[in-house]
1. Could you name every one of the strands (runs of 3 or more DSSP E) located completely within segment 695-791 that has at least 1 residues being under 19 Å from T683 (Cα atoms), open to solvent by 40 Å² or more (accessible area, probe 1.4 Å) and not aromatic (F, W, Y)?
2. From the list V259, V265, pick out the single residue that is aliphatic (A, V, I, L, M) and either free of Cβ contacts under 8 Å to residues at least 12 places away in the same chain or open to solvent by 30 Å² or more (accessible area, probe 1.4 Å) (or both).
3. Could you grab the pairs with beta carbons closer than 7 Å, sequence gap of 6+ or different chains, first residue in segment 400-417 and under 16 Å from V380 (Cα atoms), second one among the basic types (K, R)?
4. Can you tell me which residue is nearest to the chain's Cα centre (by Cα) among those in segment 484-514 that are open to solvent by 90 Å² or more (accessible area, probe 1.4 Å) and within 22 Å of V472 (Cβ to Cβ)?
5. Search segment 424-441 for residues being in a helix (DSSP H, G or I) and out of contact with any helix residue (DSSP H, G or I) (no Cβ under 6 Å at 6 or more places or on another chain), and hand back the single one that is modelled with the highest pLDDT.
6. Consider V428 carefully, then state whether it is surrounded by 20 or more Cβ atoms within 10 Å (Cβ to Cβ) and of a type in the set (V, I, T).
7. Give me the pairs, please: first residue somewhere in segment 741-767 and over 14 Å from S714 (Cβ atoms), second residue anywhere and part of a loop (DSSP other than H, G, I, E, B), beta-carbon distance under 6 Å, and either six or more positions apart or on two chains.
8. Filter segment 449-459 down to residues that are farther than 23 Å from K601 by Cβ and in contact (Cβ under 8 Å) with a residue 60 or more places away in the chain, then give me how many there are.
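The values are calculated or read from the model by the stated rules, or taken from the named source; none is laboratory data. A quick note: this is a predicted structure, and the numbers were derived from the prediction, not measured. Ideal geometry is used to build each Cβ from the backbone, glycine not excepted, and the neighbour counts take in all protein chains shown. What goes into the accessible areas is simple: the full protein's heavy atoms, side chains included, and nothing from ligands, DNA or RNA. Shrake-Rupley method; radii C 1.70, N 1.55, O 1.52, S 1.80 Å.
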Amino acid sequence: MIGIIIQSILSISLIALLILFSSVLSISVIFHFLKSTNIEQVKVIPIVISIILCGSLYYLVVSPPKVHYPFHLEKYTKTLISGKIDNIELKKEGRIILYLSADTIVTKERKYQGSFRILCSVYDGDRKTSKLYEQLEIGNRIQIVGNIMKPRNERNPGEFDYEKYLNGKGIVAIANVYKTDDVKFISKEVSGYKNTIHQIRKRIDEQITLLHNKTTTGLLRGLLLADRGSIDYAIKNEFVNSGVVHVLSVSGLHVGYIVLIFLVVFNRFNIFTRYTLTLIGLLFYLIITGADAPVFRSTVMAVALLAAPAMGREYNSLNALSLSAFVILLIHPNELFNPSFQLSFTAILSLILIYPPLKRAVDNMQIKKKWLNWFLIFCVTSLSAQIGTLPFTLTYFHRLSVSALLANLIVIPVSGAIVALGILTLIVKTIFSWFGSIFASANELLTYVMYFFVRLLGGDKYSYILINQFSVYDAILFYIILVLIFFIFKIFTNRTAKIVAVTLSVVLWILFMRADNYELMPKNSLSVMQIDIGQGDAALIKFPNGKTALIDAGEATEYFDNGERVILPLMDKLDIDAIDYGFISHVDSDHYKGFLSIIAKNKVKLIYKPKLDPKLQKDIDLENYLRANGVPFKYYSKEIIPIGNSRIYVLNDTTNHYFGSMSSNDQSGMLKLMYGNNSFLFTGDAGTKVESGYVNNYKTFLRSDVLKAGHHGSRTSTSEEFLEFVKPSYAVISAGVMNKFKHPHKDIIERFNQYKINIVRTDKSGAIMFRSDGNKIEEINWKKMESTFNL
């Protein structure tokens with residue numbers, strides 16, 4: 001593992017590695033033949049170094065080459081793609097996801113030939129996608145027409161880098177097809193083994209879907225078939241908050257249940273037959289779940305456990321764990337960097353090393369009540385796993401669950417029962433259909449019970465402590481402190497001394513952990529971030545006094561909610577508990593809909609919006625939603641909003657009859673933010689006609705250092721007359737990558753260049769951030785800050 005890590009960081013050349021390996025191996029051989037007490041003590045060192053270098057060599061030779069997006073533009077529409085189907089995911093409602101090994105890609109500009117692995121999504125009505133899903137088989141050669149694009153990378157601070165994730169799996173691009181008719185078969189070749197496994201998974205999934213409701217189906221897909229795609233995003237978040245997200249994916253826990261079920265089912269056979277049938281069943285389960293690292297690890301350990309007695313050997317859990325890691329890394333060295341591998345192996349290693357002393361401590365209490373003793377044993381088991389995995393949990397989820405012990409106490413047994421009932425339902429259904437439906441109903445009840453407790457224990461307010469920043473440095477420090485605590489318990493005999501030493505060690509860790517923390521939006525300065533939410537608007541402001549404002553929140557659709565997926569995680573990252581002032585520039589979905597999920601989480605204290613338009617049902621619905629959620633709101637009217645020593649000037653008055661005759665875009669809230677000598681102007685989607693009105697009314701007061709360009713850089717906004725009065729140093733354009741409206745318009749770009757204005761665009765740079773001390777404004781490279789502080 002150390003060798004793989006070193007090679008991944010340093011990328012040492014093959015020649016250099018061979019020279020190093022030969023040298024160290026030679027030293028090791030020389031040490032072996034030399035007879036000296038001093039040499040005896042150090043001769044293990046070159047052996048260890050040789051093993052590490054072996055890891056580096058193996059990773060260099062075996063690891064597949066790094067891939068990247070190979071095309072010039074970030075998005076191509078109506079692209080013709082030909083290739084072979086590598087894999088097909090279980091069908092989602094109205095959507096099919098397949099992995100395509102493409103050899104020919106034809107865009108409007110040119111033809112690409114080579115080898116490109118592409119993640120392809122086919123969208124259409126559920127009936128049409130179901131029909132196509134039945135026809136598709138792994139190995140088929142197909143031709144599709146759709147949009148091909150670069151996967152989304154880290155566009156906002158703390159955002160998941162989807163491009164890096166897919167590139168790690170060898171996928172260079174994603175493609176979206178919006179009609180099943182745009183998928184044509186070139187040949188019906190079939191990949192025997194892969195397609196057989198897919199067909200088995202598909203048939204099992206059909207039975208699960210037929211017998212259970214939507215919620216239980218989604219859960220059983222995760223537990224039995226390792227497909228979490230049908231589990232609701234909000235539910236996954238609640239599982240993370242309550243510290244039981246491991247239950248949603250196939251892991252060692254479920255493999256343990258599978259082994260137990262098989263051993264009980266085959267109980268009447270002799271031990272050899274019983275173990276053989278169990279191993280066959282276990283290997284079948286491994287194959288149909290896709291052989292992910294946690295399942296592979298637990299399967300190898302289970303095989304070792306069952307095979308050890310037959311081989312006349314004692315089972316050693318640490319050796320079995322090492323063997324499973326070694327086998328996985330021989331097959332796929334890159335698995336070492338997979339979160340599931342890291343979490344799975346650190347959890348079991350913790351149970352092996354940390355659980356025994358904690359259990360001895362419970363045993364020493366000599367508790368007479370069996371239920372209490374059992375409860376404490378379960379708690380220390382859960383605690384042991386959580387201690388070991390803590391650095392990885394904080395790195396990937398940034399949450400320290402305070403309800404995890406209680407949640408695991410309830411959820412783990414219930415999930416085990418759900419797995420057992422799920423398997424029994426599938427078996428019984430083939431013999432007695434009616435009994436199968438009874439088992440399925442019981443499972444739906446258990447699923448409801450489990451989800452009820454997860455929601456109860458995974459609420460946003462009390463279930464976890466948010467840890468915004470956790471780096472590699474913090475993780476290393478944590479494990480050093482953990483080893484220190486281990487030695488404290490070994491060395492100290494006095495209980496008081498142990499408690500004091502452990503307490504000091506933990507305090508030390510907390511203090512040193514903060515050494516590399518940084519504030520992206522520090523107090524005592526004004527920070528303004530134009531969030532990248534695709535084709536839409538969203539600007540986050542943090543004032544010098546710590547108050548916050550959000551101007552628009554982007555779009556929310558069935559497939560992607562910017563409020564839920566982008567803005568709420570960003571608020572967590574920046575340690576913003578709630579938005580003090582929410583501004584909806586106007587009631588267009590790409591400006592206000594993202595607010596709905598933020599409001600639902602009670603994260604907005606006050607909303608400003610244009611006066612109600614009784615002709616717009618969506619405006620009526622919005623105001624009803626605000627009332628239902630207890631959020632006070634005001635209409636835009638000329639006023640000054642003082643926020644500490646900053647000011648927001650509302651320049652329009654939508655309560656005036658003059659604004660009532662305007663379009664929704666022209667009613668956009670026109671806001672000027674001032675702090676000291678610096679100013680920002682936010683224009684929503686206001687057009688050139690209303691801009692003339694602002695010029696006549698405000699003239700030089702429109703002067704601002706930063707202008708948020710109107711209507712995403714459309715030619716219908718930001719007139720020359722308007723620019724003459726604003727005279728910005730920066731123009732911020734919020735637009736989606738290669739959007740269908742072709743924003744920003746080339747005339748606007750030329751206009752900004754003509755006025756020598758610095759242009760910054762979310763479609764090119766991701767989130768854009770400015771910071772002001774009241775005298776000067778600087779653009780902040782937040783990506784550089786994150787990479788510096790998070791190693």
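1. Numbers: elements: 706-708, 730-733, 758-761, 768-772, 777-780.
Filter on segment 695-791 gives 758-761.
2. On the way: V259 fails: either free of Cβ contacts under 8 Å to residues at least 12 places away in the same chain or open to solvent by 30 Å² or more (accessible area, probe 1.4 Å) (or both).
The unique qualifying residue is V265.
3. Note: no pairs meet the criteria.
4. If we take residues in segment 484-514 being open to solvent by 90 Å² or more (accessible area, probe 1.4 Å) and within 22 Å of V472 (Cβ to Cβ), then R514 is nearest to the chain's Cα centre (by Cα).
5. Within segment 424-441, the subset in a helix (DSSP H, G or I) is 424-431, 433-441.
Next, only the ones that are out of contact with any helix residue (DSSP H, G or I) (no Cβ under 6 Å at 6 or more places or on another chain) stay: 427, 430-431, 433-434, 437-438, 441.
On the way: I427: 84, T430: 81, I431: 81, S433: 80, W434: 81, S437: 89, I438: 90, S441: 93.
Result: S441.
6. Values: surrounded by 20 or more Cβ atoms within 10 Å (Cβ to Cβ): no; of a type in the set (V, I, T): yes.
Against the criterion (surrounded by 20 or more Cβ atoms within 10 Å (Cβ to Cβ) and of a type in the set (V, I, T)), V428 does not qualify.
7. I757/P728; T762/D532; T762/S734; G766/R155; G766/D532; A767/N156; A767/I531; A767/D532
8. Let us first name the residues in segment 449-459 that are farther than 23 Å from K601 by Cβ, namely 449.
Subsequent filtering for residues that are in contact (Cβ under 8 Å) with a residue 60 or more places away in the chain retains none.
Of the residues in that region, 0 qualify.
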